Each structure stands twice: as C-alpha cells, then as structure tokens.
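The values are calculated or read from the model by the stated rules, or taken from the named source; none is laboratory data. Bear in mind that the values here come from a model prediction, so they are computed numbers and not experimental data. Glycine gets a Cβ as well: all are built from the backbone with ideal geometry, and neighbour counts include every protein chain shown.
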Amino acid sequence: MLVATEYGQVTQIKLSRHPEPPTYVSTYLVDGLLVDSGPAYTAEELADFLKDKGVRTVVNTHYHEDHIAANALLKERHGVELLAHQLAVNRINQPPVLYPYQEEVWGYPIPSQVKGIGTRVLTQHFRFEVVYTPGHSPDHICLFERGHGWLFSGDLFFSTRPKVARPKENQWQIIASLKKVRDLSPRVLFPATTKVIAEPAAVLEETVRYLEDLGQRVTELSGEGLSPIEVRQELFGAENPLAELTQKQFSSLNLVKAYLK
C-alpha cells in the first residue's frame, strides 16, 4: 500500500504491507532526493510511483530493514545514488538476519551497494545538512534543510512518551540526539513512523523532558538494588503487549535496560 501526501515541496510517501494495524514507514521525496526507501513488500510499488518523479539520490537514515529495502531496485530502475552513514555501509551491503515479525511486516531487503555520506547533500534547489544522531542505532542520521527548517528525522522521534525500546537502543544517546535536533529549531519535523509535525519545538522539548525524567527514575531504582525487571514493574507494570508480538524486540524491559548501558 502506498499513500502520497504533499507538504509544499515535500512529498510524504507512506508505505505498508498491512493497512491495519498501522505499521507504515514514511519515505520523503524532495527535489530529486528520497529520504529512506521503505520495506521490501512495497519496493515495486515505490519504484513504479517514482518512475516519472526525477529521483536521483537516496539517503538511508539508518540500516534497519524497513528503511533500505527498495535501494537495490531503485538503483536498477532509476540509477539513483545510494548514501548512508559510514557505520551503515557494511550492514546495508550484506543480507540481514531478521526476526519473524520483521519478515512478516517488512520483508527481507536485497543487499545494496551504498556509499558513505558526507556532511551535506546538495540537490538542485536545496542544501541538506547531515546530522549525526545515534541512539536508535549507532549509524542513525537526520537531514536538515536550514533555509526551510525541514528536519527529516528517521526513527529518532516516534512518540513523546515512548514505553518500549529495541535491545540495542541507548536512551542517553537518543536524548542527546533529540537535544541536538531541537537546538536546530526546525520548523517542520518529517518522521518515519508518525505524522508530520509543524512547529515541533514543544513536542521535542516534551519528549526530552519525559525521557530525562524516566532515566532519572530508572537510575534511582537501579541504585536501590532493583533488577531491570523489578524497575520495569515499578514504572510500567506488566510488560507491553508489543514484546510478545515482536519476539521481545520491542519491550518496556528493553527501555529500562537502554538507560543502564
């Protein structure tokens, strides 16, 4: 399923295998630049949609399978240049190992030959700054177009009050990365897995404040001798239902552990 929505000169392209539940990933097209290429199950549909759109460059915000899977097909069909952070290159260039939920929802990406990105990406009319924002993954980047205040944030932001995390996330890095993009004073936030947000300053500040307060409580409870499971029980109660659906990859326990690294 593909749904395109125009936000001025930026086109949001929502991609999903299943309309329900909402498991879409958004890619963004602006001036021949595509930010992320989405999951495997929608690669053909995306390639067809872009056939007359003048796409020349694809930037992957990070290596996760739901952001890179149309790379190879877009290279074959449209001759695009593929770019990502240097830490993502080897991961994107080789086949991934997926959990069953990942295979069901997004599918296996074909390895693609991406190149390391520099400090900026230039299109015909715009200049995008590459902002290193680790935490969700060690290779995560955002793109910022300063003249228009556009921030393409990948998976850095998805909720003001997250209750789950993946096993390899580092919440202190996420907080630092959120502060970094907050201080850029973006005027429009273009995230991968939630709605486009105009004037996102208050949203980013609320998220930082929530995560910092949560981190303080996790640290205090851990310092009192509570185990990560006991901390989770104290702060969130029973485990989030997503844990069972995702083979424990998205869980409140992981969120607690992400503060203790």
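Is at least one residue of region 206-214 under 14 Å from LEU253 (Cα atoms) and either among the acidic types (Asp, Glu) or surrounded by 22 or more Cβ atoms within 10 Å (Cβ to Cβ) (or both)?
No, every residue in region 206-214 fails to be under 14 Å from LEU253 (Cα atoms) and either among the acidic types (Asp, Glu) or surrounded by 22 or more Cβ atoms within 10 Å (Cβ to Cβ) (or both).
Of (1) free of Cβ contacts under 8 Å to residues at least 12 places away in the same chain; (2) closer than 25 Å to VAL196 by Cα; (3) touching a helix residue (DSSP H, G or I) at 6+ places or on another chain (Cβ under 9 Å), GLU76 satisfies all except one. Which?
(2)
Being outside any helix (DSSP H, G or I) and either without any contact (Cβ under 8 Å) to a residue 24 or more places away in the chain or not charged (D, E, K, R) (or both) narrows it down to one of THR194, THR219, THR207, so name that one.
Within the list THR194, THR219, THR207, the selection yields THR194.
Just checking, how many residues over region 1-52 are in a loop (DSSP other than H, G, I, E, B) and touching a strand residue (DSSP E or B) at 6+ places or on another chain (Cβ under 8 Å)?
Total satisfying the criteria: 9.
Just checking, does region 95-116 include any residue being under 28 Å from GLY149 (Cα atoms) and either free of Cβ contacts under 8 Å to residues at least 24 places away in the same chain or surrounded by fewer than 18 Cβ atoms within 10 Å (Cβ to Cβ) (or both)?
yes
Quick one: is GLU169 over 14 Å from the mean Cα position of the chain (by Cα) and crowded, with 21+ Cβ neighbours inside 10 Å?
Judged against the criteria, GLU169 is not a match.
What do you reckon, is THR119 farther than 19 Å from ALA69 by Cα, loosely packed, with under 15 Cβ neighbours inside 10 Å and in contact (Cβ under 8 Å) with a residue 60 or more places away in the chain?
Spelling it out, it is not the case that THR119 is farther than 19 Å from ALA69 by Cα, loosely packed, with under 15 Cβ neighbours inside 10 Å and in contact (Cβ under 8 Å) with a residue 60 or more places away in the chain.
Starting from residues that are assigned to a loop (DSSP other than H, G, I, E, B) and small (Gly, Ala, Ser), keep the ones in region 81-122 and report whichever is farthest from TYR24 (Cα to Cα).
Checking each candidate, the answer is GLY118.
Is it fair to say ILE174 is touching a Gly at 6+ places or on another chain (Cβ under 9 Å) and buried (at least 18 other Cβ atoms within 10 Å of the Cβ)?
When the stated conditions are applied, ILE174 passes them.
Picking from LYS163, LYS179, which residue would you name as being part of a loop (DSSP other than H, G, I, E, B), at negative phi, in contact (Cβ under 8 Å) with a residue 24 or more places away in the chain and basic (Lys, Arg)?
That would be LYS163, the only listed residue that is part of a loop (DSSP other than H, G, I, E, B), at negative phi, in contact (Cβ under 8 Å) with a residue 24 or more places away in the chain and basic (Lys, Arg).
Tell me which of these ARG232 doesn't satisfy, since it passes every other one: (1) of a type in the set (D, E, K, R); (2) exposed (fewer than 12 other Cβ atoms within 10 Å of the Cβ); (3) at pLDDT 95 or above.
Exception for ARG232: condition (2).
With touching a Pro at 6+ places or on another chain (Cβ under 9 Å), under 22 Å from HIS140 (Cβ atoms) and aromatic (Phe, Trp, Tyr) as the only criterion, which of TYR108, TYR28, TYR101 stands out?
That would be TYR108, the only listed residue that is touching a Pro at 6+ places or on another chain (Cβ under 9 Å), under 22 Å from HIS140 (Cβ atoms) and aromatic (Phe, Trp, Tyr).
Return the pairs, sorted by first residue and then second, in which the second residue is charged (D, E, K, R) and not in a helix (DSSP H, G or I), the first residue lies in region 234-247 and is under 22 Å from THR23 (Cβ atoms) and in contact (Cβ under 8 Å) with a residue 40 or more places away in the chain, the beta carbons are less than 6 Å apart, and the residues are 6+ apart or on different chains.
Sorted first by the residue in region 234-247, then by its partner, the pairs are ASN240/LYS163.
Which one is nearest to ARG182 (Cα to Cα) among residues in region 209-228 that are hydrophobic (A, V, I, L, M, F, W, C) and touching an Asp or Glu at 6+ places or on another chain (Cβ under 9 Å)?
LEU221
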